[in-house]
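Undergrad: Structure below; questions to follow.
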Amino acid sequence: MTSSYRVSMDLVDGYRFDVDLGVEGTGVLRMDEPPPLGEGAGPNAARLLAAAVGNCLASSALFCLRKARIDVRGMSAAVKAETGRNEKGRVRIHRIDVALYPEVSEEDGERIGRCMTLFEDFCMVTESVRGGIEVDVDVEPVIAADVVTST
């Protein structure tokens, strides 16, 4: 099964583009290159790629945990992209490190192992970019404090 989608963009000025992601109700995303090329008036493509990898992994992990009936009380992700020059002197993304922090109970923290061996394979974005960029993933469960209410 294949599917497709369209994203369109229009130059505003300099290196600023207004991007229509083709998702009803989301509005326009303003992108720009950082200085000295652009003015940094929005994220550039490299930052969006890092965000896409992190979001895809967090969503995939969340789906697996919920399917395993683990009560996920919160989910955070931190993504670090490392750039450098290739053999031709061109700047490239060399590596993306992703840390996921699912917030779970102590009991559920002991049951997440199976999901942690499966979820990456289902992340479309990460598995698509891994052919050219190293992507490391680390999951650090955050044990949620049980809320005690007083009457």
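Undergrad: Is there a residue in the range 72-92 that is touching a residue at least 40 places away in the same chain (Cβ under 8 Å) and more than 25 Å from S128 (Cβ to Cβ)?
TA: yes
Undergrad: Looking at the structure I just gave you, is D71 surrounded by 13 or more Cβ atoms within 10 Å (Cβ to Cβ), not hydroxyl-bearing (S, T, Y) and not in a strand (DSSP E or B)? Spell out how you get there, then give the answer.
TA: Numbers: surrounded by 13 or more Cβ atoms within 10 Å (Cβ to Cβ): no; not hydroxyl-bearing (S, T, Y): yes; not in a strand (DSSP E or B): yes.
Considered against the rule, which asks whether it is surrounded by 13 or more Cβ atoms within 10 Å (Cβ to Cβ), not hydroxyl-bearing (S, T, Y) and not in a strand (DSSP E or B), D71 comes out as no.
Undergrad: For residues in the range 1-17 being over 26 Å from G132 (Cα atoms) and touching a Gly at 6+ places or on another chain (Cβ under 7 Å), which is surrounded by the most Cβ atoms within 10 Å (Cβ to Cβ)?
TA: Only one residue fits best here, namely R16.
Undergrad: I would also like to ask the following. Does G84 count as in a loop (DSSP other than H, G, I, E, B) and either in contact with a His (Cβ under 6 Å, 6 or more places away or on another chain) or modelled with pLDDT of 95 or more (or both)? Break it down stepwise before answering.
TA: Values: in a loop (DSSP other than H, G, I, E, B): no; either in contact with a His (Cβ under 6 Å, 6 or more places away or on another chain) or modelled with pLDDT of 95 or more (or both): yes.
In short, no.
Undergrad: Same structure, new question: Residues in the range 102-111 that are buried (at least 16 other Cβ atoms within 10 Å of the Cβ) and either of a type outside the set (D, E) or farther than 18 Å from F63 by Cβ (or both): how many? Walk me through it before giving the result.
TA: So in the range 102-111, the residues buried (at least 16 other Cβ atoms within 10 Å of the Cβ) come out as 102-105, 108-109.
From what's left, either of a type outside the set (D, E) or farther than 18 Å from F63 by Cβ (or both): 102, 104-105, 109.
Number satisfying all stated conditions: 4.
Undergrad: Taking K88 and the conditions (1) farther than 27 Å from L48 by Cβ; (2) open to solvent by 70 Å² or more (accessible area, probe 1.4 Å); (3) of a type in the set (D, E, K, R), which numbered condition does it fall short on, given that it satisfies the others?
TA: With respect to (1) farther than 27 Å from L48 by Cβ; (2) open to solvent by 70 Å² or more (accessible area, probe 1.4 Å); (3) of a type in the set (D, E, K, R), K88 is out only on (1).
Undergrad: Let me ask another. If you scan the range 18-44, which residues turn out to be acidic (D, E), open to solvent by 50 Å² or more (accessible area, probe 1.4 Å) and not in a loop (DSSP other than H, G, I, E, B)? Working first, answer last.
TA: Narrowing the range 18-44 to residues acidic (D, E): 18, 20, 24, 32-33, 39.
If we keep only those that are open to solvent by 50 Å² or more (accessible area, probe 1.4 Å) too, we end up with 20, 24, 33, 39.
Selection gives D20 alone.
The values are calculated or read from the model by the stated rules, or taken from the named source; none is laboratory data. All values derive from a computational prediction rather than experimental measurement. With ideal geometry, Cβ positions are generated from the backbone for all residues, glycine too; neighbour counts draw on all protein chains shown. Surface areas here come from the heavy atoms of the whole protein model, side chains and all, with no ligands, DNA or RNA. Shrake-Rupley method; radii C 1.70, N 1.55, O 1.52, S 1.80 Å.
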